[in-house]
Structure formats: C-alpha cells, structure tokens
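J.: Right, I'll just put the structure down here and ask away after.
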Amino acid sequence: MLPLSLLKTAQSHPMLVELKNGETYNGHLVSCDSWMNINLRDVICTSKDGDRFWRMPECYIRGSTIKYLRIPDEVIDMVKEDAQAKSRNRTEMNKNRGGNSNQNQRGGRPGGNRNNAGNRPGQGYGGPGNNAMRLGGAAGQGNRLPHAPKNRK
C-alpha cells in the first residue's frame, strides 16, 4: 500500500496530522498532491503543548513539515480491498491472454526482443554472430562500423 494511494482514498474523510514542530491539525482531507501537500477543511489546530486551540474553515499543510498522519481504519480497509481487486483483475487478464508464451513477453514480440537488429544479418551491430557479418559485410565499408568517423586525408 503506497502512502499517496492511501491519501487519495482518504479524501473527504477525517484525519489527524501532526507536524514536525509538534502542532496537530484535525480536519477532513480535501486534496493532496504528489509531494504530500494537503488541504484540510473544518480544521482544529492544537498547539505543541496542547493548551491552545484554533478553529479554521480550511488550511494548507506542506508535505515536508508532516511528521505523521492518522487515518480512519475504514479508509485503510478500502485501500486494501482496492489492491486485492486490482490483483485479481491482473491475474484474470493474464489467464485470459493465453497463447504463445513467447508472444506474452515484453511488448508481445516473438522472443521478447524489442530490437531485433542483433538477429538480422547485415543490419545493426550487437549480438553474437552479427560481427562476423559486419566485418566482411556491406560493400565498400570494410571493417568500419556505421558510427565510426571516416579518415580524411
């Protein structure tokens, strides 16, 4: 379970946020971003020593100042259920795919090769056996690879 997916699921739910400086914020999560910056609404802020309280309609908290978040168990359960459902769907998709196992590797290409240049004689360079074709290969090129600079005299 990833923290950001947990926060996305927790939107509109109550949460407690404790900052590194000791202040706590209780409110409902409105939004969050990839840096864990969050917006809360209907917020009660408590001072570090716990003797002062403020009520705010909304607040913004920078993610780098957050020490920890307390989120209701129901949200955590929702994230777990979503993760299990996605896992089941992936398993079913893989079962339904079937066919040649070589076709199912890396992009569905036979043998799983993204670049077959090493498998074709006279094209590309790399892969065993291909250098032999290249060394005596194309007319007028001698032993030079295509990217080698030409000698100018």
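Read-outs throughout are calculated quantities, based only on the coordinates presented, and are distinct from any laboratory measurement. Remember, it's a predicted structure, so these values are computed and weren't measured experimentally. As a convention, Cβ positions derive from the backbone with ideal geometry for all residues, glycine included, and neighbour counts pool all protein chains shown.
J.: Each label point is 7 Å from the Cα along the Cα-to-Cβ direction; what then is the distance between the points at CYS59 and GLU74, in nm?
T.: 2.4 nm
J.: Of the listed peptides 62-68, 4-10, what is their order by residue-averaged count of other C-beta atoms within 10 Å, with the highest listed first?
T.: 4-10, 62-68
J.: Report relative contact order for the stretch 1-97 in percent, whole number only (criteria: Cα-Cα under 8 Å, sequence separation at least 6).
T.: Values: 160 pairs, mean separation 26.8, N = 97.
About 28 percent, as a whole number.
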